[in-house]
1. If I take all pairs of Cα atoms in the chain, what percentage of them are more than 28 Å from each other?
2. With springs only between Cα atoms under 10 Å apart, run a GNM on the chain and tell me which of S40, S18, S124 wobbles the most.
3. Once the Cα atoms of helix 40-73 and of the chain are each reduced to a long axis, what angle between those two axes, in degrees from 0 to 90 to the nearest 10, is obtained?
4. Would you mind checking the tilt of helix 230-241 against the longest principal axis of the Cα atoms of the chain, expressed as 0 to 90 degrees and rounded to 10?
5. Once both labels are modelled 7 Å past Cα along the beta-carbon direction, what's the S47-R75 spacing in nm?
6. Evaluate the relative contact order of the chain (contact order divided by residue number), counting alpha-carbon pairs under 8 angstrom at least 6 apart; express in whole percent.
7. Roll a 1.4 Å probe over the protein chains and send me the accessible area per residue for the chain in Å².
8. Looking at region 47-149, which trypsin sites (Lys or Arg not before Pro) are in a loop (DSSP not H, G, I, E or B) and have at most 15 other Cβ atoms within 10 Å?
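The values are calculated or read from the model by the stated rules, or taken from the named source; none is laboratory data. No experiment lies behind these values; they were computed from the predicted model shown. No Cβ is skipped: glycine too gets one built from the backbone with ideal geometry, and neighbour counts run over all protein chains shown. We work out accessible area using only protein heavy atoms, side chains counted, and drop any ligands, DNA or RNA first. Shrake-Rupley method; radii C 1.70, N 1.55, O 1.52, S 1.80 Å.
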Amino acid sequence: MKPWKLAKRLAPLLLLFSFVLSGCSSILGDDASPLNPKGSVGEDQLSLIKLSLFIMFFVLVVVFVLYAYIVVKFRKRKNQTGVPKQTEGSHVLEIVWTVIPLVLLLILAVPMVSQTFALAKDYSETKEAEQVKVIGHQFWWEFQYPEHGITTAQDLVIPVNTKIAFELTSTDVIHSFWVPGLGGKMDTNPGMTNKMYLDAKETGVYKGKCAELCGASHALMDFKVIVVTEEEYQEWVAKMLEPTQPVAEQDDLALGEQIFKAKCMSCHAVDGTQGGLYPNLKGFADRELVAGIRPNTEEWIKKWLDDPESVKEGVLMPDVPLTDEELDALTKYLQSLTLE
Ligand code: HEC
Ligand SMILES: [Cu+2]
């Protein structure tokens, strides 16, 4: 095949790849990504990526230049006949092509190994660090703050510029906790506790993902990391600690609360101090998304309560039978669960 023909055939493929790859950042939903990290762990990891890319690129260029030079210089000339002069064994060459890769590997290995140990640093006993327990569930995330005695779901709230020491585990299968914009990732294994740390250098909202195939709705197992200032964080903790007040009897939320107590309370707590096997709904109305994936609007709350399976396949929330009136009342009640 003529070279230009080959190029013409490869061009659409390259174009396709560039579209697919540029999709990686937009899927994540925020402009932070492993290539644009907002935390020290992500930055360290990016510097390793750059170093290894640089070395690989260097090798690539040297090999290609030598290759081109040799192909041209030793090409078959006009009138040339017979076998060209053969060279066998060259101590100089052998030493050169052993020593150069060795040096390159050392340049790569020293920062890699030291970073591997640095990133495994355990902050679980450090006083300045915040302790957070991450529990993966099919298909949602639970976050416990043992120092404050609070539990939440789907939204991980953390203070900016603070090391967060995570202890990670799972109640069912293996999940993987990943916040691409901050760094990571780490598996959550049932019956085991893994540790990792992260920090965020800028306030904002970062997208989190489950990065280990864990069942039908693995791809929908999203969460958010909400990075706030230290004061906002303390305020949030205080609000989470406040007991959720029961609704007054004559209030128009009373019916919703009553249905909630009868049909949902067996699984869901509305007090931030209660743990449990199911998402804690304290402050649910402040969450941007329902079940971590859909806009937190009346429409989606109703869809979720009416038929959770239609929103998330294989979901472990049952389809609780509800009349239209009950659905309305429950939705109103859920929308009243703010931290104000
Ligand atoms: C058997 C336990 C169980 C019962 C009963 C139950 N749920 Fe759930 N609920 C779950 C599970 C599990 C999830 C997490 C689903 C997921 O995202 O994968 C969930 C998620 C939710 C969420 C989304 C939370 C968030 O932060 O996005 C809401 C809202 C909710 N349930 C409301 C209700 C209401 C209202 C009822 C009563 C009609 C109810 N649930 C009954 C188990 C239950
Ligand atoms: Cu998962």
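1. 56
2. Answer for the Gaussian network model of the chain: S18.
3. Between helix and principal axis, roughly 20 degrees.
4. Tilt relative to the chain: about 40 degrees.
5. If labels sit at S47 and R75, their model points lie 4.6 nm apart.
6. Once normalised by length, the contact order is 16 percent.
7. 60
8. Working: sites: K50, K73, R75, K76, R77, K78, K85, K121, K127, K133; in loops: R75, K76, R77, K78, K85, K121, K127.
Within region 47-149, the qualifying trypsin sites (Lys or Arg not before Pro) (loop, at most 15 other Cβ atoms within 10 Å) are R75, K76, R77, K78, K85, K121, K127.
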